[in-house]
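Before any comments, here is the structure.
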Number of protein chains: 2
Amino acid sequence: MNVKINENFDNLSENYLFSEINKRITKYKEENKAADIIKLGIGDVTLPLDKTVIDALIKASNEMGNKETFRGYPPEYGYDFMKEAVKKYYKRFNVELDLDSIFISDGAKSDLGNIVDIFGNNNIYIPNPVYPVYLDSNLMSGRNINFINGSKDNNFLPLPTSDIKKGSIIYLCSPNNPTGSCYKYDELKKWVDFALNNDSLIIYDSAYESFISSDEYPHSIYEIEGAKSCAIEICSFSKQAGFTGLRCGFTIIPLEIVCSNHQINKLWKRRQATKFNGVSYPVQRAAEAALTDNGIKECMDNIKYYMVNAKMLSELFDEKNIYYTGGKNSPYIWFKCPNDMKSWEFFDYLLKNANVVGTPGAGFGTFGEGYFRITSFNTHEKTKEAVERLRKLL
Amino acid sequence: MNVKINENFDNLSENYLFSEINKRITKYKEENKAADIIKLGIGDVTLPLDKTVIDALIKASNEMGNKETFRGYPPEYGYDFMKEAVKKYYKRFNVELDLDSIFISDGAKSDLGNIVDIFGNNNIYIPNPVYPVYLDSNLMSGRNINFINGSKDNNFLPLPTSDIKKGSIIYLCSPNNPTGSCYKYDELKKWVDFALNNDSLIIYDSAYESFISSDEYPHSIYEIEGAKSCAIEICSFSKQAGFTGLRCGFTIIPLEIVCSNHQINKLWKRRQATKFNGVSYPVQRAAEAALTDNGIKECMDNIKYYMVNAKMLSELFDEKNIYYTGGKNSPYIWFKCPNDMKSWEFFDYLLKNANVVGTPGAGFGTFGEGYFRITSFNTHEKTKEAVERLRKLL
C-alpha cells in the first residue's frame, strides 16, 4: 500500500554483529565437534540476582496477589520510593538530585533510544567506536551525524575539538562500551566546559559506573561543576545489579536544562506520559532493594567477581605488551589485534587457534577496526583457561 | 541553549483531565469533610492478580536468584514461550498467527505511542472521542490529523466515509475507550474493506477485547478476512489479566503488510531492536500463565465481577431512559448528560449532589462534550450505593 514509511530506516545498516558471530561459531562447531569453546564475547551478566533483590521482588509479587496491597498503574515517572532510592544513591558521589529530575524506566536502552523524540534537527556527535544505539536512533530520526573518534592516540577517550559545531548534542559513554576507557575528572570537565561554552547538550551514558573502583574517575557527570545545566545522564541497573533480565534503569534530566526556551525535563515528562506507562511494581521494589546498603554490598560482590576476571585478562596483555584499554574500571578489555590483523580476521584466528570467542571491534564503528573486545562476564575457571590459551597464542 | 527541540510538542495541549478531576475532588472534600465520595472514574483494575499468575511470577522470580536458572537480556521481541501463548490464545478466535508477527512489549500504551516511529508523514484518522495517546503521539511527530467522529447518530461507532483520503493510517479502538461501543463483524468488515480498497492501514487497539461476551463482536480484527494485509493489532494484559501494575502487552504486525515496498514487520523489528530491550522475564512468565486454561478462567472471573457492576449501572440508564453506550461488552458506560449539561458542568453537579465521581466526556475529544464516562472497576457495594444515589438524582 501507499502508506509512507519512515525513509530514514533505509539509512540504517543491518544490525548483524552478533548474528554474524553466532553464524561463525555454529559453522566452526559443525566442522570441529570436539572443540571446547570459551565465550569471552558475553556482554550480559551471568551471576544470579542477589538475595536482597530476590526477597524484595518476591515480597512485591505477593503484594500484587492481595486486594489490600495490590497496585495498578505505576506512576509514569517512577514510584517516589524508587526515585528516593536513586537520590540517596547519588549522595554517595556528593551529587544532590531533585526528585523531579529522576525518571525510572525499563532500561537505559529504551531511554537512550527514545530521548531523540524530544529534540529537533540538531547536529549530533557520537563517539566512534561506541554502543550502536546512539547512532541508530539518530539515523532513524534523520539527524546529521558526526563522529568524535577514539584511537590509540587519545586512548579511545576523545576530547572536545574546535570543529564541533555550537548548539550540538554530544553523546558520551564512560566507562565506555566497548573500549572500557573512562574519563578522569579533568577530562570530563573539558567536555562539560565545552558544552557550557558552546551552547551544547551532553547525553551521558553511565551504565557501567559501578565498575569504577578508582577515585580518579567520576561516577556521575554531575560531579562536574555546571553539568546540571548541560547534561542528561542515563543509567541502568543491568550491569550494576544484574538486572538485564528484570529491566530497570533511570534517566536524570535536571530542571536547569533549557533548550530553545523549553525546559527539557518538562518535554520528557510529556513524552513519557504519552508513550510509556511506568515500570513494573515488583521490578521497582527489586531495584530499590539493590540500592539499600545490603543490596549495594551484594551487588559489589558480583562486580568484584567479574573484576577478578578482568584482572586476569589485563595482566596477560600487560605481560605480552599488547596495547589495550579498559579492564580496570570496566568489565571490558579492548585490545589491538596482533600483527595488524583486522577485527574479523582476528576473530576467526582466535576461534580457530584458541577456541576463544570475542567481539570484533569493527562492529562498534569504523574506528574499532583492527581492535577486539573481550569481557569479564564468564566464570573464573573459564576465564583462567582462556588466559592460558591466549598466552600460548599471542 | 540553542539546541533545537521537537517543536511539535508546542502543539500538544496540557494533559490536564485527571489532574483537574483530582483538583476538584480535593477542593470539594475540603469544603465537605463528611462527604462519602464514590469513585466511578477509575480507569484501572482494582482486583488483585490471580493465583495462577502470582505463582508463575514468584516461580520465575526465584529462577532469577539461581545460577542455573538465571536469565539475562530477554529477546527484544519476547520469549518464544510467550509468543506461543499468544498464538494459542488467538486460536480461540480462529485466528492463526505467525510467531514472527507477535511482539511482546511492556504495554499497549508504549506500542501505540512508539509505532509512529516507523511511518512517514501520512494523513492520520483518529476517532473522536477516544483514548488520547493516538492523537498526542501523532501530534508529537507533526502528522496531519483528521477525526472520524462519534455521536448519538452512529452510536459512537464511526464507519468509513468517502472523504477519508487514500494511503492513510486509521486508528480504531473496539471496545472503545471511553464510549464502550464495540464494532460488530459486519461493521468492522466495512473498515477492513475500506482499508484494502483505499490503500490504507488500520491500527487496531483491542485492549478491552476480553470484556466481549457476545458472539456478535470480533475479539480480533484478524477475524475479518483480509485484515492481515492491512491491520496492526495492539493488545494488553492490563485489563484482561489485571496487569496494569506488572506491564505487559503485545503487538501483532502480520508479515503480509507492505507499505511503500517495505515489510512493516521488519521495520518494527529494527525499531524494537534499537530502542527496546524486551520485557522482564518474571512478567513474561506471569503473562504466559494468564493465558493458560486456568489463568484465563481466573481472569474471566474478575472480568465477570466488573461486569456485574456494569450491569447494575446500565440497568439504571435503561430504567431512566437515558441514552448510553457500553456497559455490555465493555467496563465503561458512556451516557448523555441530563438536561443538556456540558461534561464538566455535570461532573460538578454529580459530585455535589450525589458525591459520585466520573470522567467528563469532553476530556476524550470535542465530540465527547455533553457526555460522561463511568466505569465498573469499583466494588459491588460501592457501585450499588452509587446506583441508588444516581437513581434519586437523575
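Only the coordinates and a few stated rules stand behind these numbers; no lab work does. From a predicted model like this one, the values you see are computed outputs, not experimental measurements. For neighbour counting, all protein chains shown are included, and Cβ atoms are generated from backbone atoms with ideal geometry for every residue, glycine included.
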> Mind checking the mean number of beta-carbon atoms from other chains within 10 Å of the Cβ atoms in A:39-50?
Replying inline: 3
>> Using Cβ contacts closer than 10 Å as the measure, can you line up A:L49, B:L188, A:L159 from fewest to most?
In response: A:L159, B:L188, A:L49
> Among B:K67, B:K39, B:K228, whose mean-square fluctuation peaks in a Gaussian network model of chain B (Cα, cutoff 10 Å)?
Replying inline: B:K67
>> Report D for the protein assembly as shown in µm² per second (integer): Stokes-Einstein, Kirkwood Rh on Cα pairs, 37 °C, 0.692 mPa s.
In response: 119 µm²/s
> Cross-link partners among lysines for A:K342, C-alpha distance below 17 Å, same-chain residues fewer than 8 apart left out?
Replying inline: A:K152, A:K352
> For the residues B:Y28, B:Y208, what sequence is obtained by ranking on other C-beta atoms within 10 Å, fewest first?
Replying inline: B:Y28, B:Y208
> Given a Förster distance of 51 angstrom, what is the FRET efficiency for A:D80 paired with B:D186, based on the Cβ-Cβ distance and rounded to 0.05?
Replying inline: 0.55
> Mind checking which aspartates and glutamates have their C-alpha under 16 Å from B:K228, skipping anything on the same chain fewer than 8 residues away?
Replying inline: B:E96, B:D98, B:D100, B:D193, B:D199, B:D205, B:E256
> Hey, what number do you get for chain A at 222 nm if only DSSP H runs of n ≥ 4 count, each worth -39500 (n - 2.57), divided across all residues, to the nearest 500?
Replying inline: -11500 deg cm²/dmol
> Which distances, in nm and shortest first, link the B:I145 label point to the same label point in every other copy, taking 7 Å along Cα→Cβ?
Replying inline: 3.1
>> What FRET efficiency comes out for A:E388 versus B:N62 if R0 is 51 angstrom and r is the Cβ-Cβ distance? Round to the nearest 0.05.
In response: 0.90
> Within chain A, which complete DSSP H helices have Cα atoms spanning at least 24 Å along the helix axis and a mean Kyte-Doolittle hydropathy of -1.0 or higher?
Replying inline: A:293-320
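Of A:Y217, B:Y323, how do they rank once you tally other Cβ atoms within 10 Å and put the fewest first? Write down the numbers at each step before the final one.
Values: A:Y217 21, B:Y323 11.
Ordered by Cβ neighbours within 10 Å, fewest first: B:Y323, A:Y217.
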> So what's segment A:32-172 giving for Rg/Rh, alpha carbon basis, Kirkwood Rh from the mean inverse pair distance?
Replying inline: 1.07
> By how many nm would the segment from A:E225 to A:L159 lengthen if fully extended, with 0.36 nm per residue of separation less the alpha-carbon distance?
Replying inline: 22.0 nm
>> With viscosity set to 1.567 mPa s at 4 °C, what whole-number translational diffusion coefficient in µm²/s follows for segment A:51-293 from Stokes-Einstein and a Kirkwood radius over Cα pairs?
In response: 70 µm²/s
>> If each label sits 7 angstrom from Cα along the C-beta direction, how far apart, in nm, is B:E216 from its counterparts in the other copies?
In response: 7.6
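Relative contact order of chain B, please, whole-number percent, based on alpha carbon pairs below 8 angstrom and at least 6 residues apart.
23 percent
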>> Defining the label point at 7 Å along Cα→Cβ, can you sort the distances from A:K384 to the same site in each other copy, shortest first, in nm?
In response: 7.1
>> For peptide B:266-277, what's the mean number of Cβ atoms from other chains within 10 Å of each residue's Cβ?
In response: 6
> Restricting to chain B, what percent of DSSP beta bridges are antiparallel, rounded to 5?
Replying inline: 50 percent
